[in-house]
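Enquirer: Dropping a structure here in structure tokens format, bear with me for questions.
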Amino acid sequence: MTQRTSLYQKHVDLKAKIVDFAGWDMPVQYTSVKDEVFAVRQKVGVFDVSHMGEFFAEGPDAIAFIDHLVTNNIQEAPMGKAIYSPLCRENGTVIDDLIVYKLAPQRILICVNASNIDKDFTWMKAHVGNFNVKFTNQSNDYSLLALQGPLTEATLRTFIPQLPAMEYYSVWEGECFGKHIILARTGYTGEDGFEIFGGHETVAQLWDSFMKAGVTPCGLASRDVLRLEVCYPLYGHELNDEVTPLDAALGWTVKQGKPAFIGKEALNGYKPRFKLVKLLVEKGIPREGYAVCDAEDNVIGSVTSGTMSVVLNQGVALARIEADKVTAGQKYFIDIRQKKYAATPTSKAFVQGGHK
Amino acid sequence: MSTQIPKNLKYTKEHEWVLIEGDTATIGITDFAQSALGDIVFAEVPDVGTSVSAGATFGVVESIKSVSDLYAPLTGEVIAKNTDVEGSPEKINAGAYEAWLIKVKVKNPGEIAQLLTAEAYDQFCQTSA
């Protein structure tokens, strides 16, 4: 039995195509993936991402507790900041990637992937130990919208005039329509944008307001293209239970300078088995699972995510390649239906998002 | 959702349409198929001279999110391919019945009787939608 977000009927009424994603009936597209991608790159689009999980750590040790669990530095980040981080096991493999929001000295929000809610919560709860913290899963109490695109701030300000000036990756707890909301300048598209956590009714009211204001409803298909164009990893693709953050180009999120965190010893001096390579394809569309070969036809890795970039009108892929095969002169070929297509590695993201 | 199903064409359960003119079959994908796929961004069909057999794959169309095999409605030899549509696959979304993919010289005319009529295909779409 699949679950439904509080906005499900609104998606049906908008004639969205609904698919099962991580056990949820989610809108995959409303009109056209292309139109939805361009709406976010050029104007403003809104995604219902209420399926994602919300955990709260509250109490004197809230910060210390989360800092102990994740690889990035929560302790040192300023209050009011959002911090992206992997959550790892002792052996360094990735349980999930998540965003930690420092709401107050004794109040932390953690937003996790829908598919990993139970796994994450069980793991994190089991590590409370002697930390003086109340750790709760409030996923069922919150709906979540991601309002994304260059017109996001202006759109939001018409409904939340008291919205303070906010930096990229910061968070604010306030009110909308007289109800409590948490608003973060974060997202998964590379564009400027906000994610809005609130009660189901508040979020439904905001959704309706955005529809009336002409915001484009966007589904999971455009979300995937948008994140892949700017090379953001997705759990289950670039990240999984078998790889470490260092196998997925996330070295910047592992802070060995921290006194202690789960996975620290395993990741200290860890020699990555894989590198994540960004590949542009001249013709053809790379897809997840396609083999990546060198010029001598040896398989050296595989595509973890691939699509047609809507902005570039060209095939793009993230590929997990054996680390020692990623050399300066390496040639890459993607096997698409038994034909080898040349792929060009690139160091920069395929599309430069416009986020602040 | 209303879908266009011209009466003069034959159809398959894999959502291809076939126009029979003498021993030439012109083949494309249906309006129902293009609508289900969404934005079509890639099409690959065999070159002239290739043999295709009824029920076997002969090419692919890809939307942004998915890859779909094309199944030959009839056995025969490819005598023309629509390079225009290979170059601009979005033309399939714009008009599925104008954007033909290949023309095949039919080898076994007996196979034509196996194809669905417009009425039968309409029924099929309604039950599979």
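Enquirer: Quick check on segment A:272-346: what does the Kirkwood estimate of hydrodynamic radius come out to from the alpha carbon pairs, in Å?
Expert: Details: mean 1/r = 0.0843 Å⁻¹.
Result for segment A:272-346 stands at 11.9 Å.
Enquirer: Rounded to the nearest 500, what is the protein assembly as shown's calculated 222 nm mean residue ellipticity when only DSSP H runs of at least 4 contribute -39500 (n - 2.57) each, over all residues? Write out the running numbers ahead of the final one.
Expert: On the way: 12 runs with 97 residues, N = 485.
It lands at -5500 deg cm²/dmol.
Enquirer: Determine the equivalent ellipsoid of segment A:54-139 by diagonalising the alpha-carbon gyration tensor, then write out the semi-axes as square roots of 5 times the eigenvalues, largest first, rounded to whole Å.
Expert: On the way: eigenvalues 60, 38, 33 Å².
Ellipsoid half-lengths, sorted descending, are 17, 14, 13 Å.
Enquirer: Counting only other chains, what is the mean number of Cβ atoms within 10 angstrom of the Cβ of each residue in peptide B:35-45?
Expert: Per residue, the number of nearby Cβ atoms from other chains is 4 on average.
Enquirer: List the residues of segment B:75-109 whose backbone N lies under 17 Å from a point placed 7 Å from the Cα of B:Gln4 along the Cα-to-Cβ direction.
Expert: In segment B:75-109, the label zone of B:Gln4 (backbone N under 17 Å from the point 7 Å along Cα→Cβ) covers B:85, B:89-101.
Enquirer: Let me ask something else about it. With labels modelled as points extended 7 Å from the Cα through the Cβ direction, what inter-label distance (nm, one decimal) is found for A:Asp35 paired with A:Lys179?
Expert: Going from the A:Asp35 label point to the A:Lys179 one covers 2.9 nm.
Enquirer: For A:Glu265 and A:Ala64 in the same chain, what is the full-extension length gain: residue separation times 0.36 nm, less their Cα-Cα distance, in nm?
Expert: Details: separation 201, 0.36 × 201 = 72.36 nm, distance 1.83 nm.
My answer for the length gained is 70.5 nm.
Enquirer: If I stretch the segment between A:Ala165 and A:Lys125 completely, what's the gain in nm (0.36 nm per residue apart, minus their alpha carbon distance), one decimal? Walk me through the numbers before you get to the answer.
Expert: Numbers: separation 40, 0.36 × 40 = 14.40 nm, distance 3.47 nm.
Stretched out fully, the A:Ala165 to A:Lys125 stretch lengthens by 10.9 nm.
Enquirer: A further question follows. Measuring from label point to label point, each 7 Å out along Cα→Cβ, what is the A:Gln338 to A:Met79 span in nm?
Expert: Between A:Gln338 and A:Met79, the simple spin-label model gives 6.5 nm.
Enquirer: Now, a different point. If a/c stays under 1.5 just call it rounded; otherwise compare a/b with b/c (prolate if a/b is bigger, oblate if not). Do that for chain A, with a ≥ b ≥ c from the square roots of the Cα gyration tensor eigenvalues. Present the calculation step by step, with values, prior to reporting the outcome.
Expert: On the way: a/c = 1.89, a/b = 1.17, b/c = 1.61.
Taking the square roots of the gyration eigenvalues as a ≥ b ≥ c, chain A is oblate.
Enquirer: Another one. Using only the Cα atoms of segment A:210-332, build the gyration tensor, take square roots of its eigenvalues as a ≥ b ≥ c, and label the shape rounded, prolate or oblate: rounded if a/c is under 1.5, else prolate if a/b is larger than b/c, else oblate. Kindly include the intermediate steps, with their values, before the conclusion.
Expert: Numbers: a/c = 2.70, a/b = 1.20, b/c = 2.26.
Cα axes put segment A:210-332 in the oblate bin.
Enquirer: If the cut-off is a Cα-Cα distance under 12 Å, which aspartates and glutamates reach B:Lys107, setting aside same-chain residues fewer than 8 apart in sequence?
Expert: Correct list for B:Lys107: B:Asp23, B:Glu77.
Enquirer: Then there is this: For B:Ala56, put the label point 7 Å out on the Cα→Cβ axis and report which residues of segment B:106-122 keep their amide N under 18 Å from it.
Expert: B:106-112
Enquirer: Next question. Would you mind checking the pairs A:Lys81/A:Lys255; A:Lys134/A:Lys271; A:Lys283/A:Lys348 and listing those with alpha carbons more than 25 angstrom apart?
Expert: Values: A:Lys81/A:Lys255 17 Å; A:Lys134/A:Lys271 37 Å; A:Lys283/A:Lys348 20 Å.
Listed pairs above 25 Å: A:Lys134/A:Lys271.
Enquirer: When N counts the residues of segment B:10-107, how does its alpha-carbon radius of gyration compare numerically with 2.2 N^0.38 Å, as a ratio?
Expert: Values: Rg = 12.0 Å, N = 98, 2.2 N^0.38 = 12.6 Å.
Compared with the compact-globule rule of thumb, segment B:10-107 sits at 0.96.
Every read-out reported here was derived from the displayed coordinates using simple, explicitly stated rules and does not represent laboratory data. Since we're looking at a predicted model, the values are computed, not measured. Positions of Cβ are generated from backbone atoms using ideal geometry, with glycine treated the same way; all protein chains shown enter the neighbour counts.
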